Amino acid sequence: MHKNRRSFIKTSALGAVGIPGIVSCFANQTETAEGIKPVVISTWNHGIAANEAAWKILSTNGKAIDAVEAGVRITESDPTGQSVGIGGLPDMTGEVTLDACIMNEAGDCGSVAYLKGIEHPISVARAVMEKTKHVMLVGDGAKDFALAQGFPEVNLLTEKSKKDWEAWKASEQKVLPKINVENHDTIGLLALDKHGDLSGACTTSGAAWKMKGRVGDSPIIGAGLYVDNEVGASTATGWGEAVIRAVGCFLVVEFMRQGHSPQKACELAVQRVIDKNPDWRDIQVGFIALNKAGEYGGYCIHAGFDYAVQHPKLDNQMIKSGSRMSL
Ligand code: ASP
């Protein structure tokens, strides 16, 4: 078992404190795998299983674009995850609608939004990228395209998610969960392959009990995901409206272009989200980033956001992201 010593020390120290709300306000906390390839990084706990699938491809000289797709497909197929793919929590009318996008080293990208009844929106997004002249298909058009491409129609609403929705609907206050653990769990996954190329994928069922027709940041190139093979890549999780307002992931990549480390770029982008959103204390937004040299980082508004990383010197491991605020 290999472990990057710096990361080991850092995670051990956090573990020793053992407080999930630990804050590292704007600490210069850079995780790095500089010069090491391949690298895969993804959001939240479900990132561990997604990274494993991506790693099988990356460690055998595969391409980053194949790795990112294979990785997030695992999360999309997991019925126990209530924020991505099958099992995702529905909108306020009880319908599960999925959003996803993908981007490769050439800057090609594809996206689907408000897609119903298809297990793997990420693969439909890739098909949009590779088989059409367009970047984004939504709603019925996206579904018709998926069916024409041979994707099977499936029921995305599990019994558990249906029961949760019924309970929410029957509740008097119909509370919309605010931050973090209850409601924000998109998977975004970034990879740098052995050839030195970057790609990224992002897929979600969006905010629970969202308005019918609502689309968040996750399928929006530049907001929920951005890849520039000369610089780096970034993906986002959290309150999509705030990420869209800041064009979050494009911003992270632009900060890296200006010379900032991935960690610092994520911190600066979180600050921008805060500056542009008066309600920032009530929302969660988190970014992860990976640059061309294999350095990576992550940052969020509220403590409680983790990301998973794997590279040749580090086992698939969860890293507790620094945050702007404690819980
Ligand atoms: N960003 C997603 C959205 O707003 C939600 C999430 O990350 O959980 O749709």
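Rule-based calculations on the coordinates, nothing more; no lab input. Computed from a prediction, not measured in an experiment: that's the story for all the values here. Here the Cβ positions follow ideal geometry from the backbone for every residue, glycine too, while neighbour counts run over all protein chains shown.
Points to keep in mind about this one:
- Ranking of Phe250, Phe305, Phe255 by count of other Cβ atoms within 10 Å, fewest first: Phe250, Phe255, Phe305
- Rounded to 5, the percent of DSSP beta bridges in the chain classed as antiparallel: 85
- Among Thr97, Thr158, the ranking by other beta carbons within 10 Å of each residue's beta carbon, starting with the fewest, stands as Thr158, Thr97.
- Length-normalised contact order for the chain - Cα pairs under 8 Å, 6+ apart - percent: 25
- In terms of its C-alpha gyration tensor, the chain has an oblate overall shape, because the principal axis ratio a/c (a ≥ b ≥ c, square roots of the eigenvalues) is not below 1.5 and a/b does not outweigh b/c.
- Sorted on the mean count of surrounding Cβ atoms within 10 Å across their residues, most packed first, peptides 200-207, 272-279 read 200-207, 272-279.
- With the convex hull drawn around the C-alpha atoms of segment 178-327, the volume per residue stands at 100 Å³.
- Full-stretch length increase - His195, Lys212 - with 0.36 nm per residue and alpha-carbon distance subtracted: 1.9 nm
- Just checking the listed ones, Val175, Val124, Val72: in the Gaussian network model of the chain with Cα springs under 10 Å, the one fluctuating most is Val175.
- Qualifying aspartates and glutamates (Cα of each under 20 Å from Cα of Lys276; at least 8 residues distant if same chain): Asp217, Glu241, Glu254, Glu267
- Scaled against the 2.2 N^0.38 Å expected of a compact globular protein of N residues, the Cα radius of gyration of segment 55-144 reads 1.12.
- Two-decimal log10 I(q)/I(0) for segment 213-274, as the Debye equation yields it once each C-alpha is a single scatterer, q = 0.14, 0.17, 0.26, 0.29 Å⁻¹: -0.32, -0.47, -1.01, -1.20
- Lysines with Cα under 26 Å of Lys163, excluding same-chain neighbours fewer than 8 positions away: Lys116, Lys143, Lys174, Lys178, Lys210, Lys212
- Prolate/oblate/rounded label for segment 33-186 (Cα gyration tensor, a/c 1.5): oblate
- Of Gly222, Gly47, Gly141, the residue with the greatest mean-square motion in the GNM of the chain, using alpha carbon springs below 10 Å, is Gly141.
- By the rule of a C-alpha distance below 17 Å, with chain neighbours fewer than 8 residues away ignored, the aspartates and glutamates paired with Lys169 are Asp91, Glu95, Glu159, Glu182.
- Size of charge dipole - segment 224-301 - debye, nearest 20, with Cβ of Lys, Arg +1 and Asp, Glu -1, no other charges: 60
- Exposure proxy ranking, count of Cβ atoms within 10 Å, fewest first, for Phe287, Phe151: Phe151, Phe287
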